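Derivation of every value follows stated rules applied to the coordinates shown; laboratory data play no part. Predicted, not measured: the structure shown is a model, and the values here were computed from it. Quick reminder, even Gly has a Cβ in these numbers, built from the backbone with ideal geometry, and neighbours come from all protein chains shown.
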Amino acid sequence: MYYSGITTCDIANGTGVRVVLWCSGCSLHCPGCHNPEEQSFVYGLPFGELAMQTLIDSLAPSYVAGLTISGGHPLEDWNAPIVQEIITTVRAHFPKKTIWIYSGLTWEEIMKNDTYSAIIEQCDVLVDGRFELDKRDITLAFRGSINQRIIDIKQTLKQNKIVEVMK
């Protein structure tokens, strides 16, 4: 997997101060995408030990609420194994920090795929759905279009129905 960067102090991609990993590669090609350069699967640098250590070091301060994984598209088949490893490692080091993940797929699409659902189930919040330019709303928190949902993963799994964090 390639990544375009790691933002170590972010407040725009989830609640609280967050570390954001920007995965490269997305086959969805949503019109109006705000990260079009990250659609390339080889944009940026290969994710390796140094990047993992940067994530761990950046998550260590007590004021950091957690990790957000965005892109590009973290759940692309090319990215999924490394994203799974990242989540497992972060959970082992910081079990109380939250993990948000963005996907252009909907919850329903993700849950039909064993690999994707296994990744999602280790996270706390999913921002789902493709960006839709005709539904763009710049007043929304943490998403770009009104069709996208911010889903509480644990409560959704527990209640067996979509539980949104905010509308």
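Treating only the Cα positions of the chain as identical point scatterers, give the base-10 log of I(q)/I(0) from the Debye formula at each q in 0.10, 0.15, 0.18 Å⁻¹.
The computed values of log10 I(q)/I(0) come out as -0.32, -0.77, -1.17.
Hey, what do the phi angles of region 34-51 turn into as Karplus ³J(HN,Hα) couplings, whole Hz, using 6.51/-1.76/1.60 and θ = phi - 60°, x for Gly and Pro?
7, 10, x, 5, 7, 6, 6, 6, 10, 7, x, 10, x, 6, x, 4, 5, 5
What list of ³J(HN,Hα) values in whole Hz, one per residue of region 143-149 in order, does the Karplus curve 6.51 cos²θ - 1.76 cosθ + 1.60 (θ = phi - 60°) give from phi, with Gly and Pro shown as x?
Values per residue, Gly and Pro as x: 7, x, 9, 5, 6, 6, 10 Hz.
Between Thr8 and His34, what length in nm is gained on full extension when 0.36 nm per residue of separation is reduced by their alpha carbon distance?
Working it through step by step, the gained length comes to 7.4 nm.
Which of the lysines could be linked to Lys96 by a straight reach, that is with a Cα gap under 20 Å, when you skip same-chain ones fewer than 8 residues away?
Lys154, Lys158
Which aspartates and glutamates have a Cα less than 17 Å from the Cα of Lys112, not counting those fewer than 8 places away in the same chain?
Filter leaves Glu76, Asp77, Glu121, Asp128.
Excluding Leu126 itself, calculate the net charge of residues whose Cβ lies under 12 Å from the Cβ of Leu126, where each Lys or Arg counts +1 and each Asp or Glu counts -1.
-4
Read phi for every residue in region 71-81 and hand back ³J(HN,Hα) as whole Hz from Karplus 6.51 cos²θ - 1.76 cosθ + 1.60, θ = phi - 60°, with x for Gly and Pro.
Result, rounded to whole Hz: x, x, 9, x, 8, 4, 3, 5, 8, 3, x.
Just to confirm a number: summing +1 for Lys and Arg and -1 for Asp and Glu over residues other than Phe41 whose beta-carbon lies under 11 angstrom from that of Phe41, what do you get?
Charge balance in the 11 Å sphere: -3.
Given H placed 1.01 Å from N in the peptide plane, which residues other than close sequence neighbours of Thr68 have an amide H under 5 Å from its amide H?
Amide H neighbours of Thr68, under 5 Å, 5+ apart: Val19, Val20, Leu21, Trp100.
Would you mind calculating the relative contact order of the chain from Cα pairs under 8 angstrom and at least 6 residues apart, reporting the percent as a whole number?
Result for the chain is 19 percent.
Averaging sequence separations of C-alpha pairs under 8 Å and six or more residues apart, then dividing by the length of region 95-153, give the relative contact order as a whole percent.
34
How far apart, in nanometres, would the label points at Glu108 and Asp77 be if each is projected 7 angstrom from Cα along the Cα-to-Cβ direction?
2.3
Residues with beta-carbon under 12 Å from that of Lys97, excluding Lys97: net charge, scoring Lys, Arg +1 and Asp, Glu -1?
So the environment of Lys97 carries a net charge of +2.
Expected output is a single nm value to one decimal: the length gained when fully extending between Ile146 and Ala92, i.e. 0.36 nm times separation in residues minus the C-alpha distance. What is it?
16.0 nm
Starting from the 7 Å offset along Cα-to-Cβ, what nm value, one decimal, do you get for the label separation of Val42 and Val163?
Label at Val42, label at Val163, 4.4 nm between them.
Taking amide H atoms as placed 1.01 Å from N in the peptide plane, list the residues 5 or more away in sequence, or in a different chain, whose amide H sits under 5 Å from that of Tyr2.
Ser24, Phe47
Do any chymotrypsin sites (Phe, Trp or Tyr not before Pro) in region 17-87 lie in a DSSP loop with no more than 12 other beta carbon atoms within 10 Å, and if so, which?
Within region 17-87, the qualifying chymotrypsin sites (Phe, Trp or Tyr not before Pro) (loop, at most 12 other Cβ atoms within 10 Å) are Tyr63.
Take every DSSP beta bridge with both residues inside the chain and express the antiparallel ones as a percent of the total, to the nearest 5.
50
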